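Asks: Right, I'll just put the structure down here and ask away after.
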Amino acid sequence: MTFEEYKKKYQYDTLDSQQCAAVEATDGPVLLLAVPGSGKTTTLIARLGYLVYGKGVNAANILTCTYTVAATNEMRERFRTKFGDEYADQMEFRTINGICARIISLYEKQGHTAFELVADDSRRYAIMREVWMADGHAFPAESDLRMMSTAITYVKNQMLTDDEADSVSFNTSEGNVSIGPIYRSYKQAMRRNQWMDYDDQMVYALTILKKCPAILQQLQTRYQYFCVDEAQDTSKIQHEVIATLASKSRNIMMVGDEDQSIYGFRAACPQALMDFERNWPGAKVLLMEQNYRSTPQIVEAADIFIKQNKT
């Protein structure tokens, strides 16, 4: 059906012109920069519906990536509420870690043995405590372990080499310390135990995509339309995983707002939004600039603050 027919049938007549442009942008690479309160989730759900009902795309070929498990569940249920059960369970809503888990599962089905995922921080912290003290430090406080964990996450998500990890420091009860030696010892201990943490899960998944063309081809056949929400909070390695999967179809929409990036300490990479046109030649850049949620006073204060951002 045409877009006008789709809007009328599914009661999307209230979408503004920028929202409509985003819904209709179904093919090729698209960067959607959406301010807070601009109806982003409503627009994304409308776009998913338009892909299926307007463009005839198989729902199983669409992959929507969100930042948290809660967000994946919310988007699925909002799609179900709007369009019913017909395609809600065929369409995939996953975190990027969820996608990586699927990649590793496919690798195991080929007869390989993957490392055990360590979801319990106590086991990870035990290794960190051990390598920290072996490096000549005193027994670490719980806050030291949390900061250590954040620094290790940063190194892996920024795809830094072992040597580059030396340049990453973190605050401890003993002062500012380089994570490099701790990171290398932690990584060796995890490998000895055949364990992986959630950050390793992404490292291994990307390695599998690069070294196992059959698995990459299988996933590229399955997933032909990609949408990445909250892209300003996505790390360098997460962008790389998605870009590798989407490299064949090039049907990718990246949705975010670099002004809302607050997770730099966890290696969020808003630079990927600013580099989108360079990384995806021929890309469209769309804007959703109208804040329907906040009062004028809030918008004015936020605008004054954001204008201080020189990049």
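The values are calculated or read from the model by the stated rules, or taken from the named source; none is laboratory data. Just so it is clear, the structure is predicted and the values come from calculations on it, not from any experiment. All Cβ positions, glycine included, derive from the backbone under ideal geometry; neighbour counts span all protein chains shown. Areas reflect the complete protein model, heavy atoms only, side chains present, ligands, DNA and RNA absent. Shrake-Rupley method; radii C 1.70, N 1.55, O 1.52, S 1.80 Å.
Asks: When the accessible area of the stretch 12-92 is split by element with a 1.4 Å probe, what percent falls to carbon and sulfur?
Replies: Working: 1460 of 3020 Å².
That share works out to 48 percent.
Asks: Further question on the same structure: Dimensions of the stretch 149-259 along principal axes (Cα, Å, largest first)?
Replies: Principal-axis extents of the stretch 149-259 (Cα, largest first): 50, 39, 19 Å.
Asks: Using every alpha carbon pair in the chain, what percent of pairs falls into each 20 Å bin from 0 up to the bin containing the largest distance?
Replies: Calculated P(r), rounded to whole percents: 29, 53, 17, 0.
Asks: How much net charge surrounds THR26 when only the other residues with a Cβ under 15 Å from the Cβ of THR26 are counted, with Lys and Arg +1 and Asp and Glu -1? Before the final figure, lay out the partial values.
Replies: On the way: positive: LYS7, ARG47, LYS55, ARG250, LYS284; negative: GLU24, ASP27.
Residues near THR26 contribute +3 overall.
Asks: Any idea of the accessible area per residue across the chain, 1.4 Å probe, to the nearest Å²? Display every interim value, and only then the final one.
Replies: On the way: 15290 Å² over 311 residues.
On a per-residue basis, the chain sits at 49 Å².
Asks: Spelling out what I want: for every residue of the stretch 169-177, take phi, set θ = phi - 60°, compute 6.51 cos²θ - 1.76 cosθ + 1.60 (Karplus), and round to whole Hz; glycine and proline get x.
Replies: Those phi angles translate into 10, 9, 7, 10, 5, 9, x, 7, 10 Hz.
Asks: Pairing the Cα long axis of helix 69-83 with the longest principal axis of the chain, what angle in degrees results, from 0 to 90 and rounded to the nearest 10?
Replies: Compared with the principal axis, the helix lies near 10 degrees.
Asks: Using only helices, what value at 222 nm comes out for the chain when you add -39,500 (n - 2.57) per DSSP H run of length 4 or more and divide by the total residues, to the nearest 500 deg cm²/dmol? Don't skip to the end; give the middle numbers.
Replies: Values: 14 runs with 151 residues, N = 311.
When only DSSP H runs of four or more count, the value is -14500 deg cm²/dmol.
Asks: Build a GNM of the chain with springs between Cα atoms under 10 Å: which of VAL203, VAL299, VAL177 gets the top mean-square fluctuation?
Replies: Per the Cα network of the chain with a 10 Å cutoff, VAL299 tops the list.
Asks: Can you find, among LEU160, ALA46, GLY98, the residue farthest towards the positive end of the dipole of the stretch 45-201? Put +1 on the C-beta of Lys and Arg, -1 on that of Asp and Glu.
Replies: The residue sitting farthest along the positive end of the dipole is ALA46.
Asks: Please list, in order along the stretch 35-43, the HN-Hα scalar couplings obtained from phi with the Karplus expression 6.51 cos²θ - 1.76 cosθ + 1.60 (θ = phi - 60°), rounded to whole Hz, x for Gly and Pro.
Replies: Per-residue couplings from phi come out as 6, x, x, 8, x, 4, 5, 4, 5 Hz.
Asks: Same structure again: Could you tell me the accessible area of SER167 in Å² (1.4 Å probe, neighbours in place), rounded to the nearest ten?
Replies: 100 Å²
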